[in-house]
1. Within segment C:435-457, find all residues whose amide N lies under 13 Å from a label point positioned 7 Å from the Cα of C:Arg420 along Cα-to-beta-carbon.
2. Take peptides C:173-184, B:179-190 and line them up by average Cβ neighbours within 10 Å, highest first, as a rough protection proxy.
3. Please work out the FRET efficiency for the pair C:Asp433 and C:Phe237, using the Cβ-Cβ distance as r and a Förster radius of 56 Å; give the result to the nearest 0.05.
4. Counting heavy atoms of the protein chains only and a 1.4 Å probe, report the per residue accessible area for segment C:389-434 as a whole number of Å².
5. So for chain A, taking the charge dipole from beta-carbon charges (+1 Lys/Arg, -1 Asp/Glu), which of A:Trp217, A:Ala192, A:Val104 sits furthest toward the positive end?
6. When ranked by the protection proxy of mean other Cβ atoms within 10 Å per residue, highest first, what sequence do the peptides C:86-99, C:345-358 form?
7. Any idea what log10 I(q)/I(0) is at q = 0.08 Å⁻¹ for chain C, Debye with uniform C-alpha scatterers and no solvent?
8. Taking every pair of alpha-carbon atoms in segment A:187-254, what share in percent sits in each 5 Å bin, from 0 to the bin with the longest distance?
Amino acid sequence: MTRYLLLRLGLGIVTVWGVVTAVFLALHSVPGSPAQVILQGGAGGGDVDPAAVAALNKELGLDKPLLVQYVTYLGHLLTGDLGNSIKYSAPVTEIIAAPLGNTVMLVVLAVIIGGVIGLVFGILSGNWPGSVLDRIVSGLIAVAVSTPGFVIAIFLSLFVGLSLGWFPSIGYTAPTDDFGDFLYHAFLPSLALSFGFIAIIGRVTRTSVLSVRREDWVRTARGMGLSGGRVFRRHVFRNAVNPVVTVAGLQFGALLGATVLIEQVFNWPGIGSTLLNAINGRDYPLVQGIVIVFAVVFIVTSLLVDLLYPLLDPRVER
Amino acid sequence: MTRTFRTLWQKSSPGLFITTCVVFLAVCFIFIYPAVTSVDPLAQDIPHAFAPVGTAGHLLGTDNLGRDTFVRLVVGLRTELIVCAAGTLIAAIIGTLIGILAAYFRGVTDLALMRVVDIFLAFPHLVFAMLIVSLYGAGDLTVVAVCAIAFFPSFARLTYGEVLSLRQALYVESAELFGGSHWQIIRGPLLRGVGPLLLAQAFLTLAFAVGLESGLSFLGLGITPPRPSLGLMIASGQQYFTQDASQLLIPSITLVVLLVVLGYVADWVRDLLDPRGVTRRRRLRRGDAVTRTEVISLREEVGA
Amino acid sequence: MNALDETLLSVTDLTIAVAGTEVVHGVSFTVRPGEVVALVGESGAGKSMTAMAIPNLLPAGSERGGSIRFGGTELLELSESGMRRYRGGEIACVYQEPMTALNPLHTVGDFLTESIDAHGEGQGRRREPQELLDLVGLGSFDDLLQRYPHQISGGQRQRVMAAGAVAWDPKLLIADEPTTALDVTTQRNLLAMFRNLVKREQMAMIFVTHDMGVVADIADSVVVMRNGRVVEAGDVFSIFASPQHEYTRSLLSAARALHGSEPDAEAVPAQAPPVVVPPPAVAPAPAVAPAVALEVRDVVVEYRSTGRRRRSSGRKAAVQGASLSVARGQTLGIVGESGSGKSTIARAILGLAPVTGGSVSLAGTEMVGLRGRRRRQAMARLGVVFQDPTSSLDPSLPLWRIVTEPLWRSGRVRDARSLRARAGELLGDVGLDPTWIDRRRHELSGGQRQRVAIARAVSHEPDVLIADEPTSALDVTVQVTVLELLSRLQRTHNFACIFISHDLYVVSTISDRVVVMKDGRIVEDGSTDEVIHDPENEYTRTLLAAIPVPDPVVQRARRSALDEETDHTAGGHER
């Protein structure tokens, strides 16, 4: 067990390192120094005062050789220092803490809502394939998976939010202030976020249930004289749920990414909006920090999923 | 030609076949129409802004600057399709190559290549796209590059898994025995085995690419305005929702329909190219006439 | 009331339709209490369907017609909940594939507890899981109840399944090919276990099988099925001694031919299809030994477990120091059970297994360590036929490409026209219609696919043909014809042949010499005659004894003699 753990951990670290390096290279691959890009307001902007460029270069430590910069960069990361934001002149870690929390809340809510609905859909569909119920559910899923998150977000916010007024489409209350109100405001955004998740979970559950139903041990269970419900719970559902858990875990990272657009639509103060503002403001340290955080979260969740799997399935080598 | 058509018809369900034909025709239209007519998607006509659907000369109305919505839709779709298809194609080529090489040669190649894939998989697409755009600026080429980099990992993973299991198949092993060189085997049974899945995945990826691009252009980071794109149209539609709801609805519905349809085409392609898959048996339950081979396979399944 | 007169189960005019098409047409038979009825037939006969129709465990979309009366109740009229009372209670089942028939996420204890709890309400004394294990001979294992199915052997899994089935003393046990997927020694022990259960609990059994030897061992009466119909039924002794129906006769003669038991072969009436019995002595010992085509010397095959490095003590050698040789025109049979290394050694010769020691020399060329183009050239002298005729043929290629593969892949012949012509010839040589060159794999039956594989294997005139269990996946009657085909081709092309199988008798029908393997080593090596009639090694004798003879009188006499030696019901140590 420990060997497996260490191996997965090792691979995870390698991947994180790879991500971090890729971001570094991306940032430094832009023609002209990043400082120039910052002052120009993006690649291909107008001319800038070379003196200002030099000054910014020095300040950001960009005049040193690439390798040195790389090593310093890695060193900082290991100590948890993501650099300082240019715009806010504060450590990146401080800036992203609160918005990250807000975004994570959205994702967690979306996972809960989406997970439950997706499972139910998948079970209904998988247990009665070809039925009217199955076709309706599959059709809904097809549409849900195809509709981009922001379109769903827009429609929810305009129709459910504005027109019907059931839930607010704008506004935010910190969870520490009033949790109930927080949920009230978080509902529509997380619902919008959950659509894609519902679709994926629904699909995977359906396929899994469909294939497990046909397995021999289900027939053995029936042959014992067990009731349909019992057979389903212990021999279909329990076995079908494994791949679903894996997929759900892997989707966590993807959901995190999808929040960017949804937060735009609902004006939710999450990390997505922070990223967008950082990009528009050419605040590269902030952009870099956020991208790395996203990637690390994804890697950590897939690591957790990998660790969880042997617990679910005794056949997997520990 | 008619024989291929008829075999295609027989092999799939009517619904999918018709959908695909319609799609094919629509795509042709999108490409031909702007070429043969002289409409200009950028032509503004402010006095006639927000013309309702069905106005003479403006089939789907006009937007906030009086530009014809229908024309913008068609041109926007064309640009998007070209850009996203290019990105998907590049992603498919790179990803498939990586997947096949890693799964076939295994060992160090496997470890190294799949680590690279994992690294790129760790980036959520949109975030990654935003990063690239912020560095290199928005534009068509950037979008193509972004799509290629964002989607090659899924192709790599797909081919990797498929080739891993195909390698175990006896007919692949025996190809080696009968004197096949590595290249021959890759080109032959492996590519043939992987082909159908690849094609289906390509359509799915195209759908994702369109989704990604529209998200980017919604944020203003995709295809450069004032050139039209679905995302941009949706963004402005949202902005002026209170004045004219149709300007939001039309591009949104188009986008959704496009993506749903691409998903169906992907299914259809997979059905078509898989000689005896699960889908065959699924159709049996809908009450289709049962052919002899299908009953035989069903009985084989039961072990009569 | 005389228990013997009372019928337990009465099946009358049973029809089964799957997805609208009728697959079983009017089957009738009866089962008395304590009687073992064998449902025999080849694939597609409908025997499994018939058996599974009784407790209504057919796949969704199936419909039954006719009548199934069990102890006075008409089962076809029962609702699902009514039927459930019988399942696991009075009517229990064991299935063919022990690996997939048990839920991989449940322990043995979970499974047994579930079987017990399924019929809790006042149905007599409630048993404990450990008791059930004792009943099936697994009582001596300590922690079996905590184990998962993948942690125990196939034979043990099947016993566990039987334990669950008898939890409530069923009156009828339906066994759907329970030993087909297992080694022959395991099979022998399991048959003993079943017989024991029948005797102890006065349980009736319906035993579905395709193996006439098994029928001879365990059945009291036989029902022969073909294409969904009963062609003959009767008590086991009469059926074997004087089969009335032509199909029964062909089944029996094929079974006997594969068993190579000559007295029976002579007893087959003239109208029966030809029997594969090669002339006992192929040729008198030649003055000059024919050229050795393939020589394997002290070969060692070791697998490193994938991924992690293992301590060297953990490495298990799949083949340890095996040596054999075969000459042109000769056939060498390699026999062994699962894990014996017989397939591994074939793979080593083919270069598909990691050879860590010894030499493999093909017509004088050393194969171990050969790479690239030289290897491919050397490989051109080999032909291969695998066990699975489906997996070894590319589903997307037409037959003419498949059958000439060695020719175009190595570049010897390139143009389509000559390839197609050659393909037609090859198909004709193996008894298939030459006009089929454009067909594809899924249009052929299993036996036909194997013929195509054989045609492909000889298409380039190899020096050596390696046949790895080429007939194991086929029906008995088809097996005979395929073996005949192999012999005929060998006489024509004069290649050396290595024939691998788990069945000693099948191997003996076409081999000149036989080698027996166990746990990676060769334990017996001699001419066919010597090995079959005068084996030196204990294990060979065990193997020979375990294979059931398709003759009830002989088989029953043999087994009671053996049962006296050891108590095979307390087993579970087999694979």
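The values are calculated or read from the model by the stated rules, or taken from the named source; none is laboratory data. Just so it is clear, the structure is predicted and the values come from calculations on it, not from any experiment. For neighbour counting, all protein chains shown are included, and Cβ atoms are generated from backbone atoms with ideal geometry for every residue, glycine included. Areas reflect the complete protein model, heavy atoms only, side chains present, ligands, DNA and RNA absent. Shrake-Rupley method; radii C 1.70, N 1.55, O 1.52, S 1.80 Å.
1. Label zone hits: C:435-439.
2. Output ranking for C:173-184, B:179-190: C:173-184, B:179-190.
3. It comes out at approximately 0.85.
4. 40 Å²
5. Most positive-ward Cα: A:Trp217.
6. Packing order, densest peptide first, comes out as C:86-99, C:345-358.
7. Relative scattering, expressed as log10 I(q)/I(0), comes to -0.61.
8. 3, 17, 22, 18, 13, 11, 9, 5, 3, 0
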